[in-house]
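Here's the structure, in structure tokens; my notes come after.
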Amino acid sequence: MATILASQNGNFNSTSTWTGGVVPSTGDSAVANGKTITITASVTCLEIRNDTFGSATAGGNYTLNGGVTLNANLVGGTANTALLYFNTTSYSADSTINAPGTWTPNPAGQPVISHSSNGTLRIVAPNIVGGAINAQQNGITFNGNGNLIITGNITGGGQTSTGVTSSGAGTLTITGNLYGGLISSSEAAVSATSSGTVNIFGNLYASNTGSPNGNGLKLDTTCTSTVNIVGDVVGGSQATNEGLRITGYSVVNVTGNVYGASNNTAAINVSGGVNTVTINGNVTGGTNSGGGISNSTSSIVIVNGNVTGGAVIGNPNPPNQGPGVINTSTGTIYVKRAIGNGFGLGSSGLGPSYGVMNTGTGAAYVQEIQYGPLGMSSTYGRIFLTDLSTNVCLFYKGTGQKTLIDPLSTSGYVPVPSDVRLGIPYSKNSTGTMNVPNKGSVDYGVSVDNTLGTACLSPQSMLNHGTVNMDVSGSIGERVKNAATVATCGQQLANALTDIQN
Amino acid sequence: MAIILAAQSGNFNSTSTWTGGVVPSTGDVAVANSYTITITANATCSQIRNDTTGGAYNSGLFTINTGVTLTADIYAGSTTASNGPASVTITINGNIYGGTYTNAYGLIFTGSGNLTVNGSATGGTGNNANGIYSTNVGTITISGSCIGGYGGNGVLQNATGTIIMKRAVGGGYGLNCSSLISATYGAVNNTGTFYVSEIEYGPLGQSPTSGKIRLTDASTNVCLFYRSSSSKKTLIDSSQTSSSLPTASDVRYGASYNGGSSTGTCRVPSPSNVVYGKLVDNTTGTASLSPNDIWAYQTSNINTSGSMGLILNNISTVETTGKQLADCLRGV
């Protein structure tokens, strides 16, 4: 376990690169010492760093080639250069970094890792963090056309220093949770600024401590990415922090639930650009003025789930507090079901909150509305119906619920015409289309309507009919029934002989 | 049918209260003309109002005493048109309209009384000019609709009382609506208890209710929306749907409907069991027979239990009987 300083530029695995002629290995700290070191073959050591550790000269960096695995923690140490570059243009195979320890950002100005390659870099690290002190201390800057695949959580820093910034056309895939920066002047865990694809398998959390950009994920004004999130989006307790902030021109798909927070900002804030945001899950408003989703643009927000007013504290005035979804501009909202919150007679400490609010000049569409359990209205402002046979309106009575339905509904109330006898009119404008033949056209013994078929349409039915009617008066069966058999004849003869002999 | 202006404050039924000395009656329009008119006994006319109708001065107030039934529409002008003093029980047979200025209510109802309106309540053009404004802790029953106006709500409850209405209707606010129209609701409940039988979104999508609303359970409950195409769609009580549902004997066997409370009993055979060409379900029967089909099946099932074939299997023949006789005679 030694601290080994580079003595000249060169290959990591070359003895001539290192002071003392020993290549750093398991347990050793490799210090760049102002030199440029290329990693061309797999390396395992305690850490790689470029600070003054071991009385080294700050600076220098490492370049990771394609097809190489680096097993080492990463310790940034200078404002002048990234610690490690992945910039190969002769990509041959995936490269991997396993960094199980603490992620240490550079002290200023540069990321720990700069990925500008068309290759694939896989990083496994428990928590990638952005720097806290100066700008652009990103944990990772990804501006390549290749792939960056991260397994681990990511936490934002401060002063525009993200955990990861994606500014290229490549694909960023993260399996882990994203946490907005924890310090004051916080920054997002992940920021996307360009056209690349972003895939996240994990939850997005707004910071509960820092502000103003403590987002789990921030899609900047220049972002044209397609973003796929499989996980929940959760707002924070600090003003201006969102789990997901969208200000560009992105297509965002969230498969998970959205939870508003206790501040005045929504969990998802669509506050700039023209985006299409689809939520395949439920949305719940927050406990303060921040809702689940806020759209103050001409963007489209689609929620294929329930949208419920939040558990607003107190009795807010004006009432636009903690809505599930709020549309304040020219955008359009599509919601499956809008649900009022639990405010009402007998509720305690709770203010009114609507599932869907539309205070802008855009349109809001719902398929279903549901008043809250204590009667809270589900919608506020202008709401249109998305016309479906499954439309419902659910109220609470003094006790119990009641659901009003589409009179042409097929959702369990009205049978489809193909299940109703031909020509039978029902339910306003429907008529049955199901042909039911008369029993004379149906095979013998087969169920039809409320009886059995009588036609002889199969050899089996003929046999069955003949068998069942074997003894019918006047039939051949009746005659044959008492025909002599070999056995009966024999018995009769035997009886006759016995009589003679006696 | 005359427009009759008040000449001074006083009792509605007093001739001295009215210009010309004529108490307004059926078909007449009674205008407050800035005076305060007290209605102490049942009264009937076409309208009571406190605007400038008939060249009257704006304002004035109709105060309705307890036990009174007023049969008239109520129109507010620039101020509130009528009130029910604390803890009265009154009945209005007519419609109530908010006025043209801020807080110009059609009727303000306070205290702990009971109000019955056999008609509708519509918000006025003035900001918060509600048709009915309640600070009442008693019960208000409205047999008709409560409709959001240009600036006022149909009815607004600011106390803990109960309001029971037939239908709440959202106002005309919406995309491309007149700039004079605000977002108003049929029913706004801030602190009381509301019951509605029907709700109706506005033609441009304005929500019909604000605050906490409960349903008065009836088979006539409806919820009316507008589609973006401006056409309406009405959701109804499932019992209404069930009344027009087909009988179970006309529904396919096993098909569940009516919210799971009904199941079809009509059995439909498969096409292979139906005469060739006969309509069945959504197709035609396919059953057909050939002599060979019948012969082959009968032959292969010659010994089926109970069949004639089985009986004939051991039947005596001339040969077997002859042999038995021969054997028997030899034995003798």
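Numerical summary
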| item | result |
| --- | --- |
| Subset of region B:252-267 [part of a loop (DSSP other than H, G, I, E, B), in contact with a strand residue (DSSP E or B) (Cβ under 8 Å, 6 or more places away or on another chain) and facing another protein chain (nearest Cβ under 7 Å)] | B:A255, B:G264, B:T265 |
| Residue within region B:244-251 that is at the interface with another protein chain (Cβ under 7 Å from one of its Cβ atoms), in contact with a Lys or Arg (Cβ under 6 Å, 6 or more places away or on another chain) and modelled with pLDDT of 75 or more present | yes |
| Residue in region B:143-159 that is surrounded by fewer than 20 Cβ atoms within 10 Å (Cβ to Cβ), more than 26 Å from B:G84 (Cα to Cα) and either more than 11 Å from chain A (Cβ to nearest Cβ) or of a type in the set (F, W, Y) (or both) present | no |
| Of the criteria (1) assigned to a loop (DSSP other than H, G, I, E, B); (2) at the interface with chain B (Cβ under 7 Å from one of its Cβ atoms); (3) in contact with a Leu (Cβ under 7 Å, 6 or more places away or on another chain), which one A:L404 fails | (1) |
| Tabulated pairs, region B:271-300, first facing another protein chain (nearest Cβ under 7 Å) and within 16 Å of A:G453 (Cα to Cα), second of a type in the set (K, R) and surrounded by 15 or more Cβ atoms within 10 Å (Cβ to Cβ), C-beta under 8 angstrom, 6+ apart or interchain | B:G285/B:K278 |
| Pairs where the first residue, in region A:443-455, is more than 7 Å from chain B (Cβ to nearest Cβ) and the second is surrounded by 16 or more Cβ atoms within 10 Å (Cβ to Cβ) and not in a loop (DSSP other than H, G, I, E, B), C-beta under 7 Å, 6+ apart | A:Y444/A:A455; A:Y444/A:S461; A:Y444/A:N464; A:G445/A:S461; A:G445/A:N464; A:T451/A:K439; A:L452/A:K439; A:T454/A:K439 |
| Options A:G342, A:G349, A:G355, A:G285: the member that is free of Cβ contacts under 8 Å to residues at least 40 places away in the same chain, in contact with a Pro (Cβ under 8 Å, 6 or more places away or on another chain) and not hydroxyl-bearing (S, T, Y) | A:G342 |
| Hits in region B:66-76 - residues which are in contact with a Ser or Thr (Cβ under 6 Å, 6 or more places away or on another chain) and in contact (Cβ under 8 Å) with a residue 40 or more places away in the chain | B:T66 |
| Hits in region A:457-490 - residues which are part of a loop (DSSP other than H, G, I, E, B), within 8 Å of chain B (Cβ to nearest Cβ) and more than 30 Å from B:L329 (Cβ to Cβ) | A:L457, A:S458, A:M470 |
| Any hit, region B:207-218, residues being among the β-branched types (V, I, T), facing chain A (nearest Cβ under 7 Å) and either assigned to a loop (DSSP other than H, G, I, E, B) or closer than 21 Å to A:G309 by Cα (or both) | yes |
| Within region A:200-229, considering residues that are more than 14 Å from A:L172 (Cα to Cα) and of a type in the set (A, V, I, L, M), the one surrounded by the most Cβ atoms within 10 Å (Cβ to Cβ) | A:A206 |
| Strands (runs of 3 or more DSSP E) enclosed by region A:89-149 - at least 3 residues per element that are of a type outside the set (D, E, K, R) and over 12 Å from A:S161 (Cβ atoms) | A:95-98, A:113-115, A:120-129 |
| Those residues of region A:319-331 which are more than 10 Å from chain B (Cβ to nearest Cβ) and either without any contact (Cβ under 8 Å) to a residue 40 or more places away in the chain or not in a loop (DSSP other than H, G, I, E, B) (or both), in sequence order | A:Q321, A:V325, A:I326, A:N327, A:T328, A:S329 |
| Residue match in region A:363-382 (condition: assigned to a loop (DSSP other than H, G, I, E, B), modelled with pLDDT of 85 or more, over 23 Å from B:S197 (Cβ atoms) and under 27 Å from the mean Cα position of the chain (by Cα)) | no |
| Residue among A:L70, A:L64, A:L83 that is more than 31 Å from the chain's Cα centre (by Cα), under 20 Å from A:I133 (Cβ atoms) and hydrophobic (A, V, I, L, M, F, W, C) | A:L83 |
| Conditions (1) small (G, A, S); (2) surrounded by fewer than 20 Cβ atoms within 10 Å (Cβ to Cβ); (3) part of a loop (DSSP other than H, G, I, E, B): number failed by B:S197 | (3) |
| Leading residue by the ranking (surrounded by the most Cβ atoms within 10 Å (Cβ to Cβ)) among those in region A:418-442 that are within 7 Å of chain B (Cβ to nearest Cβ) and at positive phi | A:S427 |
| Qualifying residue in region B:219-240 (condition: outside any loop (DSSP other than H, G, I, E, B), surrounded by 18 or more Cβ atoms within 10 Å (Cβ to Cβ) and more than 13 Å from the chain's Cα centre (by Cα)) | yes |
| Single condition A:Y396 does not satisfy, out of (1) within 8 Å of chain B (Cβ to nearest Cβ); (2) surrounded by 23 or more Cβ atoms within 10 Å (Cβ to Cβ) | (2) |
| Residue match in region A:387-405 (condition: over 16 Å from A:G292 (Cβ atoms) and modelled with pLDDT of 95 or more) | no |
| When residues of region A:441-457 are limited to those that are over 55 Å from the mean Cα position of the chain (by Cα) and closer than 24 Å to B:G254 by Cβ, the one modelled with the lowest pLDDT | A:L457 |
| Single unsatisfied condition, A:A363 versus (1) crowded, with 22+ Cβ neighbours inside 10 Å; (2) at the interface with another protein chain (Cβ under 10 Å from one of its Cβ atoms); (3) of a type in the set (G, A, S) | (1) |
| From the options A:I313, A:I302, residue that is more than 22 Å from A:S237 (Cβ to Cβ), surrounded by fewer than 24 Cβ atoms within 10 Å (Cβ to Cβ) and not charged (D, E, K, R) | A:I302 |
| Complete set of residues in region A:175-197 that are over 23 Å from A:G260 (Cα atoms) and crowded, with 24+ Cβ neighbours inside 10 Å | A:G196 |
| Matching entry among A:P352, A:P373 (being more than 8 Å from chain B (Cβ to nearest Cβ) and either touching a strand residue (DSSP E or B) at 6+ places or on another chain (Cβ under 9 Å) or hydroxyl-bearing (S, T, Y) (or both)) | A:P373 |
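Results for (1) more than 17 Å from A:N138 (Cα to Cα); (2) part of a strand (DSSP E or B), shown as yes or no for each residue.
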{"position": "A:A188", "(1), (2)": "no, no"}
{"position": "A:N199", "(1), (2)": "yes, yes"}
{"position": "A:N208", "(1), (2)": "yes, no"}
{"position": "A:K218", "(1), (2)": "no, yes"}
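Conditions tested, residue by residue: (1) within 30 Å of A:P373 (Cβ to Cβ); (2) modelled with pLDDT of 90 or more; (3) not hydroxyl-bearing (S, T, Y).
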{"position": "B:S207", "(1), (2), (3)": "yes, yes, no"}
{"position": "B:G211", "(1), (2), (3)": "yes, no, yes"}
{"position": "B:L215", "(1), (2), (3)": "yes, yes, yes"}
{"position": "B:N221", "(1), (2), (3)": "yes, yes, yes"}
{"position": "B:S238", "(1), (2), (3)": "yes, no, no"}
{"position": "B:P271", "(1), (2), (3)": "no, yes, yes"}
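The values are calculated or read from the model by the stated rules, or taken from the named source; none is laboratory data. Predicted model, so just to flag it, every value in this text is computed and none were measured. We place every Cβ from the backbone using ideal geometry, glycine too, and count neighbours over all the protein chains shown.
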